[in-house]
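The values are calculated or read from the model by the stated rules, or taken from the named source; none is laboratory data. From a predicted model like this one, the values you see are computed outputs, not experimental measurements. Cβ placement follows ideal geometry from the backbone for every residue including glycine, while neighbour counts extend to all protein chains displayed. Note: areas computed on protein heavy atoms with side chains; ligands, DNA, RNA excluded. Shrake-Rupley method; radii C 1.70, N 1.55, O 1.52, S 1.80 Å.
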Amino acid sequence: MNPQKATNTMVSIRKTHQKILLTGAAGGLGTALRPRLKANCDVLRLSDKLGVGEAEAGEEVMLADLADAAAVNAAVAGCDAIVHLGGISVEAPFEAIMQANILGLYHLYEAARQHGVKRVVFASSNHVVGFYKQSETITADHPPRPDSFYGVSKAFGEDFSRFYFDRYGIETACVRIGSSFPEPRDRRMLATWLSYDDLHRLISACLSTPVLGHSIVFGMSDNAVTWWDNSRARHIGYVPEDSADVFRDAVFERTATPDVNEPTAVYQGGAFVRADPFKNKA
Ligand code: NAI
Ligand code: 15L
């Protein structure tokens, strides 16, 4: 047996909450976390603006558009923690991002304040710092350098949740998720990849650490190549068990060598640094 692995698996997933609200439950990560997060609570309340199907055992469904304050308030009522994944997850016109990611976040935290919810895990993004170079290693103390309207909205979420911690004592983990998909899709994701199981481990650590405060943590697996130093988040107790490295050879074989002068290869944000928010605008 690998002793390192044996140590890691001792960081167990615990039931720490009675009812957790999962927003964005219809999305890619919501779908992956839906079965996993049931281990963390008695009841998992699923919310999204889209349908999530019928509630299964240990679940409730309460749909809400984040732009609708009353609907969000009802979704939050009765929960004792929130895992907030809902919102626009790519670059888009500012007006759309403003409704879902900025106004929506205000509605969520106001509801949390009114209903006494004391802990939130907020799906932030690596695009808060997408204009740092891939040749740099950064910590959570580096100032934001967003690469898109989307990244700016996540930076807003980090500041907004800090205010609700300082003013109202609501603890938040801002998880700057790298790339959480079944496998790394390209060479950049060999650095940014976060497996679904490690995402669940990280969220579980955020939910169960005794004192969370307001924390920023990079959401990545144990990848050999990394641009992010999580030493400011040791108190969360996240120990990744997966690694993009097992996909390395296959990714190199199926992808071309990038032009190192191309911005998408220079900056950590990859394609987001060139994304056109107006592309799909009427
Ligand atoms: P996704 O786009 O698949 O899911 C987002 C969900 O939010 C969707 O089901 C959508 O219907 C819902 N949503 C959008 N606008 C809404 C609104 N106004 N009201 C209520 N629900 C709304 O995205 P994914 O990949 O599941 O990501 C989840 C979260 O994690 C997002 O906040 C994203 O920004 C963040 N994230 C994800 C990463 C990844 O690699 N998958 C990387 C970094 C951050
Ligand atoms: C994100 O923030 C996006 O939500 C996700 O779809 C990926 O593009 C990811 O970042 C990434 O940087 O790979």
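With the condition kept exactly as written, say whether any residue in the stretch 40-47 is part of a loop (DSSP other than H, G, I, E, B) and open to solvent by 10 Å² or more (accessible area, probe 1.4 Å). So far as the stretch 40-47 goes, no, none of its residues is part of a loop (DSSP other than H, G, I, E, B) and open to solvent by 10 Å² or more (accessible area, probe 1.4 Å). Output the number of the condition that V152 fails; it satisfies all remaining conditions of (1) among the β-branched types (V, I, T); (2) open to solvent by 20 Å² or more (accessible area, probe 1.4 Å); (3) within 12 Å of ligand 2 (Cβ to nearest atom). Just one mismatch for V152, condition (3).
The strands (runs of 3 or more DSSP E) found wholly in the stretch 54-142 and carrying at least 3 residues that are open to solvent by less than 60 Å² (accessible area, probe 1.4 Å), under 25 Å from T209 (Cβ atoms) and in contact with a helix residue (DSSP H, G or I) (Cβ under 8 Å, 6 or more places away or on another chain) occupy 81-84, 119-125. Looking at the stretch 8-19, is at least one residue modelled with pLDDT under 95, surrounded by fewer than 16 Cβ atoms within 10 Å (Cβ to Cβ) and not in a loop (DSSP other than H, G, I, E, B)? Looking through the stretch 8-19, at least one residue is modelled with pLDDT under 95, surrounded by fewer than 16 Cβ atoms within 10 Å (Cβ to Cβ) and not in a loop (DSSP other than H, G, I, E, B).
For the stretch 180-214, residues that are surrounded by fewer than 22 Cβ atoms within 10 Å (Cβ to Cβ) and of a type in the set (S, T, Y) total 3. Selection over the stretch 241-279 of residues that are loosely packed, with under 12 Cβ neighbours inside 10 Å and charged (D, E, K, R) gives a count of 7.
One residue stands out among those in the stretch 165-179 that are of a type outside the set (K, R) and assigned to a helix (DSSP H, G or I): the one that is nearest to ligand 2 (Cβ to nearest atom), which is F165.
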